[in-house]
Amino acid sequence: MIEIVRQKAGELLNQGKIKGFIAPSRENGHVAPRLFTRVEELSTLNLGDSSSEGDARYPLDKILITLHRKYPDDCFGILVRGCDQRGLYTLYRLNQLNPDRVIEVGIACSPGLAKACECLKPFPDDAVAGDPVAPEGQKAVEMVEDMDMAGRFEFWMDQFSKCVKCYGCRDICPMCFCNECSLECKDLVSKGDLPVDIPVFHLVRAMHMADRCIDCGLCEEACPSDIPLRTLYKKTGRIMDEEFGFTSGINKHEKSPLSIMGPAPDKKGP
Amino acid sequence: MDYQNILTTCTYCGCGCNFFLEVLDGELTGTIPCKTSPVNEGKLCIKGWNVHEFVQSDKRLKRPMIRKNGNLEEVSWDEALDYTAARLKTVKAEKGSDAVGFFASAKVTCEENYLMQKFARAAVGTNSVDHCARL
Ligand code: SF4
Ligand code: SF4
Ligand code: SF4
């Protein structure tokens, strides 16, 4: 799989179609996100795998935003898994990236990774490598849904009380790009104080993620307190699907129902 | 266009978390926790997450300062060190060793902290040594 990606990225660089290719790289014994600008550099290319598949994924979409903001006229290549591509579709929709300036090189995830992520789309459209596998069931969300309301409340309050207010969930998130963040609005979240405002901090973030979260899971992996954030955002995503038939980033050109003024659109979902 | 992620170690405390400093054309644009670091496994505290901001902050102190007539003024290192040495000597002579206290730092090496407590105990003669994290 990696050879196909290397070859594809090399072609794009050689043909001058892209200024650089964004992908992980294995260097100094670590896996780091990198902008490859020359074909010779591609020997260290990595797919975000360190000791197991996908365990060293980084917010590549976020790096693309940084580059695009400074170099809006240049075109970049980027390695995408299903979630990264959902992220790009969402960022195109939110006018943070220009699809004409991005060339996606997609890989499909293995059944094992799809299962670990409980992924709704473990493959990008037009994958160049890997065999697409079917979407996975949402066991983590269902486990919480199976609790009664009091149990659910207790479960989440317990989880939120572990928060150390590092803001890592926001900082790592490829879908968090706002210049002004509600989590820094002092009417919602106190500044310089611990414990964090519970559950306001986590629910504000969950609501803002409702039509954005592409379920990459990077927030949960960055959370030093092991709070099951992904389950929380999967749940908000599920509400969006049930209410509006919308799932963030699944369809390239779909507008978010939350950005439409007027009455709620008809349900399209299952 | 020069975009790089530089692997480095956090200077804030003794844990030694690893992260990448994102550098675009010579300017720090972000901090990314290193997932393959056995120390922090892709996680950071709020201080670590904001390292790229303090490095380039306008508020950062880059030169020693002495308060003169109520105002902080930038001075040379020589003047700052002479002033500090003279004051330490005077306070010790007039009020005794225990009138002086020392604050160690999490942002320096073990060896530097060792030297500081040695200076406190052997040169000044006090065991009033504490740590900045308790401030
Ligand atoms: S969320 Fe889906 S696409 Fe992303 S790494 Fe997991 S399985 Fe792959
Ligand atoms: S899973 Fe977490 S990091 Fe990924 S898009 Fe959703 S909120 Fe952001
Ligand atoms: S990453 Fe975890 S501990 Fe840090 S602010 Fe988010 S929920 Fe809290």
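Say whether the condition of being over 23 Å from A:Glu41 (Cα atoms) and either assigned by TED's automatic domain parsing to the domain that holds B:Cys110 or in contact with an Asp or Glu (Cβ under 7 Å, 6 or more places away or on another chain) (or both) is met by at least one residue in region B:8-23. No, there is no match, as no residue in region B:8-23 is over 23 Å from A:Glu41 (Cα atoms) and either assigned by TED's automatic domain parsing to the domain that holds B:Cys110 or in contact with an Asp or Glu (Cβ under 7 Å, 6 or more places away or on another chain) (or both). Counting only strands (runs of 3 or more DSSP E) that fall entirely inside region B:18-71 and contain at least 3 residues that are surrounded by 19 or more Cβ atoms within 10 Å (Cβ to Cβ) and in contact (Cβ under 8 Å) with a residue 12 or more places away in the chain, the qualifying elements are B:18-24, B:27-33.
Checked against the criterion of being away from ligand 2 (no atom under 11 Å from the Cβ), closer than 18 Å to A:Ala140 by Cβ and of a type in the set (S, T, N, Q), region A:187-201 has no qualifying residue.
For (1) modelled with pLDDT of 95 or more; (2) among the hydrophobic types (A, V, I, L, M, F, W, C); (3) open to solvent by less than 10 Å² (accessible area, probe 1.4 Å), each residue gets a yes or a no:
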residue	(1), (2), (3)
A:Gln7	yes, no, no
A:Asn14	yes, no, no
A:Asn46	yes, no, no
A:Ile78	yes, yes, yes
A:Thr90	yes, no, yes
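Have a look at A:Phe160, A:Phe201 and point out the one that is aromatic (Phe, Trp, Tyr), away from ligand 1 (no atom under 16 Å from the Cβ), crowded, with 20+ Cβ neighbours inside 10 Å and within 13 Å of chain B (Cβ to nearest Cβ). Talk me through it step by step, then tell me what you get.
On the way: A:Phe160 fails: within 13 Å of chain B (Cβ to nearest Cβ).
Going through A:Phe160, A:Phe201 in turn, just one is aromatic (Phe, Trp, Tyr), away from ligand 1 (no atom under 16 Å from the Cβ), crowded, with 20+ Cβ neighbours inside 10 Å and within 13 Å of chain B (Cβ to nearest Cβ): A:Phe201.
Based on what the data block shows, is B:Lys107 within 30 Å of B:Leu24 (Cβ to Cβ) and assigned by TED's automatic domain parsing to the domain that holds B:Val129?
Numbers: within 30 Å of B:Leu24 (Cβ to Cβ): yes; assigned by TED's automatic domain parsing to the domain that holds B:Val129: yes.
Criteria met by B:Lys107.
Scanning region A:204-238 for residues that are within 13 Å of another protein chain (Cβ to nearest Cβ) and within 11 Å of ligand 3 (Cβ to nearest atom) yields A:Leu218, A:Cys219, A:Glu220, A:Glu221, A:Ala222, A:Cys223, A:Pro224, A:Ser225, A:Asp226, A:Ile227, A:Leu229.
So for region B:34-50 (the condition being closer than 18 Å to A:Ile172 by Cβ, in contact with a Leu (Cβ under 7 Å, 6 or more places away or on another chain) and modelled with pLDDT of 95 or more), does at least one residue qualify?
As a first pass, look at region B:34-50 and keep what is closer than 18 Å to A:Ile172 by Cβ: B:34-37, B:39-50.
In the following step, the residues that additionally are in contact with a Leu (Cβ under 7 Å, 6 or more places away or on another chain) were identified as B:34.
Now restrict to residues that are modelled with pLDDT of 95 or more: B:34.
Yes.
The rows are residues; the columns are (1) farther than 22 Å from A:Arg93 by Cβ; (2) crowded, with 16+ Cβ neighbours inside 10 Å; (3) in contact (Cβ under 8 Å) with a residue 12 or more places away in the chain; (4) out of contact with any His (no Cβ under 6 Å at 6 or more places or on another chain).
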residue: A:Arg170; (1), (2), (3), (4): no, yes, yes, yes
residue: A:Val189; (1), (2), (3), (4): yes, yes, yes, yes
residue: A:Pro195; (1), (2), (3), (4): yes, no, yes, yes
residue: A:Met209; (1), (2), (3), (4): no, yes, yes, yes
residue: A:Cys219; (1), (2), (3), (4): no, yes, yes, yes
residue: A:Arg230; (1), (2), (3), (4): no, yes, yes, yes
residue: A:Lys234; (1), (2), (3), (4): no, yes, yes, yes
residue: A:Ile239; (1), (2), (3), (4): no, no, yes, yes
residue: A:Ser259; (1), (2), (3), (4): no, no, yes, yes
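Are there any helices (runs of 4 or more DSSP H) wholly within region A:191-270 with 1 or more residues that are touching a strand residue (DSSP E or B) at 6+ places or on another chain (Cβ under 7 Å), and if so which?
Values: elements: A:200-208, A:218-222, A:229-244.
Ranges flagged: A:218-222.
Do we have A:Val200 as more than 8 Å from ligand 3 (Cβ to nearest atom) and closer than 25 Å to A:Asp61 by Cβ here? Can you show your working first?
Values: more than 8 Å from ligand 3 (Cβ to nearest atom): yes; closer than 25 Å to A:Asp61 by Cβ: no.
No, not satisfied.
Summed over region A:107-118, residues that are open to solvent by 20 Å² or more (accessible area, probe 1.4 Å), within 16 Å of ligand 2 (Cβ to nearest atom) and assigned to a loop (DSSP other than H, G, I, E, B) total 1. Of all the residues in region A:205-257, those that are within 14 Å of A:Lys121 (Cβ to Cβ), of a type in the set (S, T, N, Q) and away from ligand 1 (no atom under 15 Å from the Cβ) number 1.
Would you check if A:Leu97 is away from chain B (no Cβ under 14 Å), within 27 Å of A:Glu118 (Cβ to Cβ), in contact with a Leu (Cβ under 7 Å, 6 or more places away or on another chain) and away from ligand 2 (no atom under 14 Å from the Cβ)? Even if it seems obvious, please write down each step before you answer.
Values: away from chain B (no Cβ under 14 Å): yes; within 27 Å of A:Glu118 (Cβ to Cβ): yes; in contact with a Leu (Cβ under 7 Å, 6 or more places away or on another chain): yes; away from ligand 2 (no atom under 14 Å from the Cβ): yes.
Judged against the criteria, A:Leu97 is a match.
Only one of A:Cys181, A:Cys219 is within 12 Å of ligand 2 (Cβ to nearest atom) and outside the structural domain of A:Asn95 (by TED's automatic domain parsing). Can you tell me which? Only one candidate passes the filter, namely A:Cys219.
Residue count for region A:119-131, restricted to those that are small (Gly, Ala, Ser) and within 16 Å of ligand 2 (Cβ to nearest atom): 0. The single condition among (1) touching a residue at least 12 places away in the same chain (Cβ under 8 Å); (2) away from chain B (no Cβ under 14 Å); (3) open to solvent by less than 50 Å² (accessible area, probe 1.4 Å); (4) over 30 Å from A:Lys8 (Cα atoms) that A:Pro124 does not satisfy is (4). Taking residues in region A:63-74 that are more than 14 Å from A:Gly87 (Cβ to Cβ), and partners anywhere that are part of a helix (DSSP H, G or I) and of a type in the set (A, V, I, L, M), the pairs with Cβ atoms closer than 8 Å and at least 6 places apart or on different chains are A:Asp74/A:Leu67.
The values are calculated or read from the model by the stated rules, or taken from the named source; none is laboratory data. Bear in mind that the values here come from a model prediction, so they are computed numbers and not experimental data. Cβ atoms come from the backbone with ideal geometry, glycine included; neighbour counts cover every protein chain shown. Ligands, DNA and RNA are stripped out before the accessible areas are found, and what is left, the full protein with its side chains, is counted by its heavy atoms. Shrake-Rupley method; radii C 1.70, N 1.55, O 1.52, S 1.80 Å.
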